[in-house]
Amino acid sequence: MSKVCIIHGPNLNLLGSREPLVYGKITLEELNKQLISYGQKLGLEVETFQSNHEGALVEKIQQAASYDYLVINAAAYTHTSIAIRDALLAIKIPAVEVHISNIYQREDFRQQSLLANVVQGQIIGLGVLGYRLALDAAAYFLQGGKSID
Ligand code: DQA
């Protein structure tokens, strides 16, 4: 079974209580549960990881050899972290960048992603649905580009 790691960056552990108008009401625990079960339906083994620490995120990305696909919401590090960008460049597996909010409709400092041109694609502004769409993409590409029923 193909393995996908979903990586959540800083403050996403506060999902559900953090700015619910922007990020929604679902907790990270519940979201991860739903994503693992959605992944199973798509034939994917989904692992999730969250850290508030840049170095821990870099180390997780470096372990990507044990996965077939990465889904990453680097949260605020998206806009600042050359280290996370370099880690994504160093690994050989594809990654998709997810943001719950539409970063292009927000403050200027959020409108640049240092990861955008080192990931396969971005899914932005669709709320937590973006993570499911990222798993759809993973299944699509890992299963030979076949369409999903
Ligand atoms: C975010 C957007 C970032 O700008 C912000 O720092 C986050 C969450 C999102 O999912 O919309 O923490 O990545």
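Among the residues of the stretch 102-133, write down those that are farther than 19 Å from V46 by Cα, in contact with a helix residue (DSSP H, G or I) (Cβ under 7 Å, 6 or more places away or on another chain) and aromatic (F, W, Y).
Of everything in the stretch 102-133, just one residue is farther than 19 Å from V46 by Cα, in contact with a helix residue (DSSP H, G or I) (Cβ under 7 Å, 6 or more places away or on another chain) and aromatic (F, W, Y), namely F109.
Does the stretch 68-84 include one or more residues that are in contact with a strand residue (DSSP E or B) (Cβ under 6 Å, 6 or more places away or on another chain), of a type in the set (D, E) and within 11 Å of the ligand (Cβ to nearest atom)?
no
Evaluate the following for L114: is it modelled with pLDDT of 95 or more and either within 21 Å of I26 (Cβ to Cβ) or in contact with a Lys or Arg (Cβ under 6 Å, 6 or more places away or on another chain) (or both)?
It is true that L114 is modelled with pLDDT of 95 or more and either within 21 Å of I26 (Cβ to Cβ) or in contact with a Lys or Arg (Cβ under 6 Å, 6 or more places away or on another chain) (or both).
Looking only at the stretch 2-31, which residues are over 17 Å from A137 (Cβ atoms), more than 14 Å from the ligand (Cβ to nearest atom) and not in a helix (DSSP H, G or I)? Let's see the steps before the verdict.
Filtering the stretch 2-31 for residues over 17 Å from A137 (Cβ atoms) gives 8-31.
Now restrict to residues that are more than 14 Å from the ligand (Cβ to nearest atom): 25, 27, 29-30.
The answer is K25, T27.
Please verify whether the stretch 24-31 includes one or more residues that are surrounded by 14 or more Cβ atoms within 10 Å (Cβ to Cβ), polar (S, T, N, Q) and closer than 20 Å to G125 by Cβ.
no
Output yes when any residue across the stretch 40-61 is more than 12 Å from the ligand (Cβ to nearest atom), out of contact with any strand residue (DSSP E or B) (no Cβ under 8 Å at 6 or more places or on another chain) and either modelled with pLDDT under 95 or farther than 29 Å from Q111 by Cβ (or both), and no when none is.
Looking for residues that are more than 12 Å from the ligand (Cβ to nearest atom), out of contact with any strand residue (DSSP E or B) (no Cβ under 8 Å at 6 or more places or on another chain) and either modelled with pLDDT under 95 or farther than 29 Å from Q111 by Cβ (or both), one finds at least one in the stretch 40-61, hence yes.
How many residues does the stretch 108-134 hold that are within 13 Å of the ligand (Cβ to nearest atom) and of a type in the set (S, T, N, Q)?
4
Name every residue in the stretch 96-134 that is within 11 Å of the chain's Cα centre (by Cα) and touching a residue at least 60 places away in the same chain (Cβ under 8 Å), in order of residue number.
Answer for the stretch 96-134, where residues must be within 11 Å of the chain's Cα centre (by Cα) and touching a residue at least 60 places away in the same chain (Cβ under 8 Å): I100, V128, Y131, R132, A134.
Mind listing whichever residues of the stretch 74-127 are within 19 Å of P20 (Cα to Cα), surrounded by fewer than 15 Cβ atoms within 10 Å (Cβ to Cβ) and of a type in the set (S, T, N, Q)?
N102, Q105 - these are the residues of the stretch 74-127 that are within 19 Å of P20 (Cα to Cα), surrounded by fewer than 15 Cβ atoms within 10 Å (Cβ to Cβ) and of a type in the set (S, T, N, Q).
The values are calculated or read from the model by the stated rules, or taken from the named source; none is laboratory data. The structure displayed is predicted, hence computed values, not measured ones. Cβ: placed from backbone, ideal geometry, glycine included. Neighbour counts: every protein chain shown.
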